[in-house]
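All remarks here apply to the structure that follows.
Derivation of every value follows stated rules applied to the coordinates shown; laboratory data play no part. What you see is a predicted model; the values in this text were computed from it and never measured. Neighbour counts are summed over all protein chains in view; Cβ atoms, including those assigned to glycine, are modelled from backbone coordinates with ideal geometry.
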Amino acid sequence: MAAKLLSTGFRHSTLPENYVRPLSDRPRLSQVSQLEDFPLIDISSTDRSRLVQKIHQACARFGFFQVINHGVSKATIDEMVSVAHEFFGMPMDEKMKLYSDDPTKTPRLSTSFNVKEEEVNNWRDYLRLHCYPIDKYVHEWPSNPPSFKEVVSKYSREIRELGLKIEELISESLGLEKDYMKKVLGEQGQHMAVNYYPPCPEPELTYGLPAHTDPNALTILLQDATVCGLQILIDGHWFAVNPRPDAFVINIGDQLQALSNGVYKSVWHRAVTNTENPRLSIASFMCPDNGAVISPAKPLWEAKEEEAKPIYRDYTYAEYYKKFWSRNLDQEHCLENFLND
Ligand SMILES: O=C(O)CCC(=O)C(=O)O
């Protein structure tokens with residue numbers, strides 16, 4: 001095992017060497033700014049055209065936004081957070097039953113990102129689950145804590161509804177039919193990463209997760225309500241996205257960048273650590289069907305001026321996903337491997 005689980009309860013006084021980044025690749029936390037105009041969107045708004053316009057602006061400018069009045073109940077969120085904390089607090093021998101460093105295996109409890117590929121490890125443990133269709137996967141989820149399956153099923157169902165609703169708004173915001181994404185992405189899968197970042201002795205020297213873009217279509221992130229850690233790259237500068245207890249953070253994944261022909265951005269983001277508090281984040285990924293053929297939506301380039309053309313070639317999501325997991329997380333944007341000549 002190249003790296004071991006971090007969620008042992010043991011407090012390190014210095015950072016073990018295998019987590020130390022080279023000087024050229026450190027978070028430089030003092031240079032990170034607060035994002036004053038980070039979009040906050042009330043998704044329950046009945047003014048559809050204004051809502052669609054706000055989504056368009058947010059996706060084109062930031063690739064990220066926060067939603068409030070999202071329809072996922074507070075009880076569902078609180079229970080999810082609490083069961084996730086309970087999970088990572090379980091004894092090591094219970095947790096190790098689920099440990100794997102094989103990125104193709106689910107469910108898996110693992111650490112860092114892809115321990116078999118990377119040279120420097122990341123200060124994170126994570127539990128990765130497939131969540132759709134629930135009936136197909138629930139039997140393989142952890143049986144402990146005892147409420148895990150019930151709580152995560154409920155959370156996943158409510159999140160899926162929100163995700164599909166946002167995809168409709170995104171379709172409309174590109175001037176496409178409301179169900180454009182639904183049709184193209186096929187029977188979408190839903191994955192979950194429950195991320196646990198223990199307090200880190202030297203946050204300046206390492207990452208919880210280094211800069212990456214998400215390979216899927218859309219990500220719905222629940223951040224720890226009190227501990228900061230998420231940062232996004234805008235115009236070459238890192239900005240902190242501080243948590244709001246009533247909001248989810250939404251981001252465009254690589255597949256929506258491709259479908260929008262680059263109009264919307266799958267933006268680099270990362271998670272940093274702190275010395276004081278453990279941080280939890282729960283990412284739900286809406287993933288195209290493996291056989292879905294991803295190509296820039298024709299209406300976005302066909303009727304445009306002569307030279308307009310699809311930036312990306314056609315590919316299946318299965319092809320993309322395989323490529324993504326064969327690389328290091330912080331290499332070039334994975335979509336660059338799918339550019340048209
Ligand atoms: O922990 C965070 O805020 C970011 C998580 C993330 O980017 C991921 O799970 O892909």
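Some values worked out for this structure:
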quantity	calculated
All-pairs alpha carbon distance profile, segment 219-311, 5 Å steps from 0, percent	3, 12, 17, 18, 15, 13, 10, 6, 4, 2, 1, 0
Debye intensity ratio I(q)/I(0), log10, segment 24-338, q values 0.14 Å⁻¹ (C-alpha model)	-1.13
Long-range amide H partners of residue 190 with built H, under 5 Å	131, 132, 287
Computed over segment 1-67, Cα set: Rg, Dmax in Å	20.3, 54
Cα-based helix-to-principal-axis angle, 74-88 vs the chain, degrees rounded to 10	40 degrees
Whole-Å distance, taken between Cα centres, linking segment 270-286 and segment 185-229	6 Å
Label-point separation, residue 46 to residue 183 (7 Å along Cα→Cβ), nm	3.0 nm
Set of lysines with alpha-carbon distance to residue 105 below 19 Å, sequence-local pairs under 8 removed	4, 95, 97, 116, 136, 149, 322, 323
Kirkwood Rh (inverse of mean 1/r, distinct Cα pairs), segment 1-125, angstrom	18.7 Å
The chain: most fluctuating residue of 132, 315, 207 per GNM, C-alpha cutoff 10 Å	315
Helix axis angle, 48-61 relative to the chain longest principal axis, alpha carbon, degrees	60 degrees
For the chain, calculated [θ]222 nm from helices alone, where every DSSP H run of n ≥ 4 adds -39500 (n - 2.57)	-7500 deg cm²/dmol
Length gained when the stretch residue 289-residue 25 is fully extended (0.36 nm per residue, less Cα-Cα span)	91.6 nm
